[in-house]
Amino acid sequence: MRLLVIEDDEDLNRQLVSALSDAGYAVDTAFDGEEGHFLGETEPYDAVVLDLGLPKMDGISVLKQWRSEDRNMPVLILTARDRWSEKVAGMDAGADDYVAKPFHMEEVLARLRALLRRNAGHATSDIECGPLRLDTRSARVTYDGSHIKLTSHEYRLLAYLMHHNGRVVSRIELVEHLYDQDFDRDSNVIEVFIGRLRKKTSSDLIRTVRGLGYCLASADDES
Ligand code: CA
């Protein structure tokens, strides 16, 4: 999952990026509204963390503009404490959730997990596909109940496929959603990771759909 953080406070921006990277997300970052708006308009993010008080273009305007351009990714806004009117304006502008400053990083992470899950059509924090089970809270994957050890890149890839299970995901989509903008985007690495995941899960749950991409599906999903 690839996220965008727009926050002009440099310390806070760094803390967010580091916590989100540690949690396994690819993260791009912007320090003002103009740059943030541009990134959100041109790159396919799975979710955005948007501060409302920003230089050059305020958060509400960024959000309104995205929504009018049909950019529908989930957006979590960061609002000033005790400014209820800001929360209302943000939600009305198209935000999906908010966190008031100062916040606990754990709350931001939990709210983002919920937004990402709901956006992919999953109501609970566990996502299952046949014998595979992804616990999005602990970032653990089990197969038939046994824990599978994954590198962070393998985890990102499998988590993305599991959030979108049952649908064909192209290699380009994977590259765009798993890596930040500075990553050397060689889509051949995807194939390597898929091979490793197949080995680790000793299963054929990840199917190659020739010419289109990959699809994660358990036997009972097939009809
Ligand atoms: Ca600010």
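Quick note: the coordinates plus some simple rules give every number you see, no bench work behind them. The model shown is predicted, which means the values in this text are computed figures rather than measured ones. Positions of Cβ are generated from backbone atoms using ideal geometry, with glycine treated the same way; all protein chains shown enter the neighbour counts.
For the stretch 134-223, chymotrypsin sites (Phe, Trp or Tyr not before Pro) meeting the loop criterion (DSSP other than H, G, I, E, B) and having at most 15 other Cβ atoms within 10 Å: Phe183.
The distance between label points at Thr142 and Phe38 comes to 4.7 nm (points 7 Å beyond Cα on the Cα→Cβ vector). Shape summary: the stretch 87-161 maps onto an equivalent ellipsoid whose semi-axes, from the alpha-carbon gyration tensor, are 29, 14, 10 Å in decreasing order.
Mind grabbing the base-10 log of I(q)/I(0) for the chain at q = 0.08, 0.10, 0.11, 0.16 Å⁻¹? Debye formula, identical points on the C-alpha positions, no solvent, two decimal places. For the chain at q = 0.08, 0.10, 0.11, 0.16 Å⁻¹, log10 I(q)/I(0) is -0.30, -0.46, -0.56, -1.08. A DSSP coil position with no more than 15 other Cβ atoms inside 10 Å describes the following trypsin sites (Lys or Arg not before Pro) in the stretch 100-201: Arg137, Lys149, Arg167, Arg185. When Thr201, Thr124, Thr79 are sorted by how many other C-beta atoms sit within 10 angstrom of their C-beta, beginning with the fewest, the order is Thr124, Thr201, Thr79. A DSSP coil position with no more than 12 other Cβ atoms inside 10 Å describes the following trypsin sites (Lys or Arg not before Pro) in the stretch 1-90: Arg81.
Over the C-alpha trace of the stretch 126-222, radius of gyration and Dmax come out as 12.7, 39 angstrom.
Shown for Trp84, Trp66: other C-beta atoms within 10 Å of each C-beta, ranked fewest to most, produce the order Trp84, Trp66.
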